[in-house]
Amino acid sequence: MKTEHIVRRSLAEEVAAAIEEKIKLGNFPIDSKLPTEPELMKQFAVGRSTIREAVKYLSQSGYLHVQQGLGTFIKSVTGHHALDAKIEKGNFNDIFEVRHVLELKIIEKAAVNRTENGLKDMGLALKNRTKYATEGNLIACVEADIAFHSAIAESCGNNILTALYNTLSVHVNKFFMEIYKDTTPFLASQKQHEDLMQAIKDKNIQQAVVVANQIIQHK
């Protein structure tokens with residue numbers, strides 16, 4: 001008799017699925033603002049960290065768009081499920097190859113189109129990255145690393161590139177948690193990430209691409 005494997009979902013994934021269903025049913029219309037964290041905490045009877053993780057997942061999956069200082073808005077009723085399924089079947093070498101190609105183009109465009117808000121998001125993620133790397137908190141460090149690169153993607157000025165990159169990042173996040181045992185590699189590459197942000201801030205496209213290639217080779 002064939003054994004069936006049951007995939008257990010985390011509480012955050014359960015909440016994300018419930019919010020996703022409400023989006024699809026029209027309870028949360030396109031372009032409307034998602035209820036606040038306290039409202040969602042009360043509605044789903046969960047803690048703040050669970051809500052934040054669910055919102056992050058839905059943002060990376062293309063359902064939500066977080067606007068710093070304004071709130072979180074409904075972006076799509078379909079998300080990136082079709083692309084997610086395709087990526088899920090791919091191997092990590094293929095995923096990283098695609099991410100590499102996307103990342104270089106995104107960095108070129110971010111060096112031209114970056115905004116002050118975008119730079120703030122990058123700076124905050126970079127600050128968290130070094131903090132968690134120093135503390136040895138691998139999970140938080142990986143999330144901060146993804147947040148930094150996602151902030152660059154958000155600054156590139158091309159929503160399609162941003163969506164593709166964020167979809168890939170969900171799978172890269174999983175891969176990082178499998179291959180890294182501690183935060184040592186993140187500490188080693190912190191200076192390169194700071195140099196990358198500085199190049200983007202200076203709108204120095206050539207330098208940004210050089211540093212990006214160094215980071216990619218390091219990983």
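The values are calculated or read from the model by the stated rules, or taken from the named source; none is laboratory data. The shown structure was predicted, so the numbers you read here are calculated from the model rather than taken from an experiment. Cβ coordinates were reconstructed from backbone atoms using ideal geometry, including for glycine residues, and neighbour counts include every protein chain displayed. For the accessible areas, the whole protein counts, side chains as well, though only heavy atoms, and no ligand, DNA or RNA atoms are used. Shrake-Rupley method; radii C 1.70, N 1.55, O 1.52, S 1.80 Å.
Hey, can you find the accessible area per residue of the stretch 11-74 for me, probe 1.4 Å, expressed in square angstrom?
In whole numbers, the stretch 11-74 has 54 Å² accessible per residue.
Y180 label point, 7 Å along Cα→Cβ, cut-off 15 Å on backbone N: hits in the stretch 186-219?
186-194, 215-219
Hey, rough spin-label estimate for I205 and K105, points 7 angstrom out along Cα→Cβ, what's it come to in nanometres?
Those two pseudo-labels are separated by 1.4 nm.
What number results when the radius of gyration of the stretch 101-219, computed over Cα atoms, is divided by 2.2 N^0.38 Å?
0.97
Roughly speaking, what is the stretch gain from S32 to N113, that is 0.36 nm per residue apart minus the C-alpha to C-alpha distance, in nm to one decimal?
Stretched out fully, the S32 to N113 stretch lengthens by 26.5 nm.
Tell me, what HN-Hα J-couplings in whole Hz come from the Karplus equation 6.51 cos²θ - 1.76 cosθ + 1.60 at θ = phi - 60° for each residue of the stretch 187-198, using x for Gly and Pro?
Ordered by residue, 3J(HN,Hα) equals 5, 5, 9, 4, 4, 5, 5, 5, 5, 5, 4, 5 Hz.
Could you derive backbone 3J(HN,Hα) for the stretch 102-116 from the dihedral phi with the Karplus parameters 6.51, -1.76 and 1.60 (θ = phi - 60°), listing whole Hz in sequence and x where the residue is Gly or Pro?
Per residue, the Karplus-derived 3J(HN,Hα) values read 4, 4, 5, 5, 4, 5, 4, 6, 5, 5, 9, 9, 4, 10, 5 Hz.
Considering only protein heavy atoms, with the full assembly of protein chains and a 1.4 angstrom probe, order I106, I160, I179 by accessible area, largest first.
Largest accessible area first, the list is I160, I179, I106.
Specify whether the C-alpha gyration tensor of the stretch 11-74 places it in the rounded, prolate or oblate class, a ≥ b ≥ c being the square roots of the eigenvalues: rounded for a/c under 1.5, otherwise prolate if a/b is larger than b/c and oblate if not.
Rounded, because the longest to shortest axis ratio a/c is under 1.5.
Roughly speaking, what is the stretch gain from E135 to E194, that is 0.36 nm per residue apart minus the C-alpha to C-alpha distance, in nm to one decimal?
19.4 nm
Students often forget the sequence filter, so: which aspartates and glutamates lie under 15 Å Cα-Cα from K201 once same-chain residues fewer than 8 apart are removed?
Counting by Cα, and skipping residues close in sequence, K201 has these aspartates and glutamates nearby: E108, E116, D121, E154.
Given +1 on the Cβ of Lys and Arg, -1 on the Cβ of Asp and Glu, and no further charges, what dipole in debye does the chain carry about its Cα centre, rounded to the nearest 20?
Taking the Cα centre of the chain as origin, the dipole is about 120 debye.
With springs only between Cα atoms under 10 Å apart, run a GNM on the chain and tell me which of G69, G123, G79 wobbles the most.
Its mean-square fluctuation being the largest, the pick is G69.
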